[in-house]
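Working notes, beginning with the structure itself.
The values are calculated or read from the model by the stated rules, or taken from the named source; none is laboratory data. Bear in mind that the values here come from a model prediction, so they are computed numbers and not experimental data. Cβ sites come from the backbone with ideal geometry, for glycine too, and all protein chains shown count toward neighbours.
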Amino acid sequence: MCSTQEDTIFLDSPFVYSLLLHIMTALSTPVHILGLYIILFRTPKSMGSVKWYLFNLQIWIVLFDISVGFFTIPVLLLPRFAMFPMGILKVLGVPSFIQTFSVFALLGFMMISIIAIFKNRFFAVCSFRWKKFCVKWKRTWIMLHYFGVIVALIIFGFMSPNQEMAKQRLLEALPCLPAYIRTSPIFIACEDYTYQLLLMVFFTTLACLEVLFFAISIGWHSIQQLRTKQISSKTFKMQRNFFFAVLIQIGVPMVLLLFPFGYQWMAVVCNYYNQAYNNLSMITEAMHGLVSTIVTLLVHRPYNWEDNWVGKNHVFVKNGYRYVCEYSRMVNC
């Protein structure tokens, strides 16, 4: 089902779509650089155990952000599992299917890095009998997640149909496609998307259950340790503040993924095509990286602007006298 002309807005224009993504990339790049710098060089020793997990998450966020906003600029053709690129990689002659799978791979790796942060806090805070056994396999467990994403994408690749015939059927199913889309190098991932959809739902559900398990376990163990006086109230407060900061860091930007994912799901289920809304969903997803970096710098006390740039010793000279203003702060993480 195609939308009527009244349903469309200026976002269905390829020029406006690519321009907005380019502007977002230009705005987010310096913020990403600042975020990477602060994580690398401003992370206190008390956060050393989680530093590289935060850095790993930030790297995948930056790569996904730049990929969507500059390198690929994917144009979705929902409700069909089809897209074509408009980014710099298209100019360089990179095949559309490689660009498609690279975007999905970066999205999957970004989700895994989120799980890894909660896993890190789980092993740092929780104490249980089988912890020693789990510690030996925690890296293997994470690597299996990356391996699973790669295997799933390979399966998707082998299940993709003959592109010429699939494109012809796509044009017949969506006769309202504008001319610039009809002449673009469209890649159709699948026509019968039952298995692909089930696999995506499985991985998404598994990731959510893992994060939920880690979050509940961390909260429960922290309370139990406080009750049995295994940790002090000050340590509990530090763990609680950092845990809430991580939840905010992950949760707030995740909204910018859940809403477009929700629309994309409904577009597939309802067999509804509207290019403006498809483009809007991708623009919203592309905002995830910028918002995630800003939230990270705001919610973690050691990273915020005041503690990093204002809470320093300042030296100034007035009337021939040298003055030193000292600031001392307690950093909680």
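The set of residues in the range 83-93 that are of a type outside the set (Gly, Ala, Ser) and surrounded by fewer than 18 Cβ atoms within 10 Å (Cβ to Cβ) comprises 88, 91, 92. Just checking, does the range 229-240 include any residue being aromatic (Phe, Trp, Tyr), closer than 21 Å to residue 113 by Cα and in a helix (DSSP H, G or I)? No, every residue in the range 229-240 fails to be aromatic (Phe, Trp, Tyr), closer than 21 Å to residue 113 by Cα and in a helix (DSSP H, G or I). The condition of being closer than 24 Å to residue 68 by Cα and in contact (Cβ under 8 Å) with a residue 60 or more places away in the chain holds for only one of 186, 154, 150, that being 186. Within the range 268-281, residues that are closer than 26 Å to residue 69 by Cβ sit with their Cβ atoms under 6 Å from residues that are among the hydroxyl-bearing types (Ser, Thr, Tyr) and in a loop (DSSP other than H, G, I, E, B), at 6+ positions apart or across chains, in these pairs: 274/3; 276/8.
If you check 96, 67 for being buried (at least 20 other Cβ atoms within 10 Å of the Cβ), in contact with a Lys or Arg (Cβ under 9 Å, 6 or more places away or on another chain) and under 27 Å from residue 187 (Cα atoms), only one passes: 96. Just wondering, is there one or more residues in the range 201-213 that are touching a Cys at 6+ places or on another chain (Cβ under 9 Å), among the β-branched types (Val, Ile, Thr), farther than 14 Å from residue 78 by Cα and modelled with pLDDT of 80 or more? No, the range 201-213 contains no residue that is touching a Cys at 6+ places or on another chain (Cβ under 9 Å), among the β-branched types (Val, Ile, Thr), farther than 14 Å from residue 78 by Cα and modelled with pLDDT of 80 or more. Inside the range 167-183, residues that are under 23 Å from residue 266 (Cβ atoms) and touching a residue at least 60 places away in the same chain (Cβ under 8 Å) make up a count of 8. Residue check: is residue 80 surrounded by 21 or more Cβ atoms within 10 Å (Cβ to Cβ) and either of a type outside the set (S, T, N, Q) or modelled with pLDDT of 90 or more (or both)? Against the criterion (surrounded by 21 or more Cβ atoms within 10 Å (Cβ to Cβ) and either of a type outside the set (S, T, N, Q) or modelled with pLDDT of 90 or more (or both)), residue 80 qualifies. Taken over the range 21-30, the residue count meeting the criterion of being closer than 17 Å to residue 72 by Cβ and either touching a helix residue (DSSP H, G or I) at 6+ places or on another chain (Cβ under 6 Å) or loosely packed, with under 11 Cβ neighbours inside 10 Å (or both) is 4.
I need the full set of residues from the range 129-180 which are small (Gly, Ala, Ser) and surrounded by 11 or more Cβ atoms within 10 Å (Cβ to Cβ), in order please. Hits for the range 129-180 are 148, 152, 157, 160, 166, 173. For the residues 113, 102, 127, the requirement of being touching a residue at least 12 places away in the same chain (Cβ under 8 Å) and over 29 Å from the mean Cα position of the chain (by Cα) singles out 127.
Just one of (1) surrounded by 15 or more Cβ atoms within 10 Å (Cβ to Cβ); (2) in a helix (DSSP H, G or I) fails for residue 189. It is (2).
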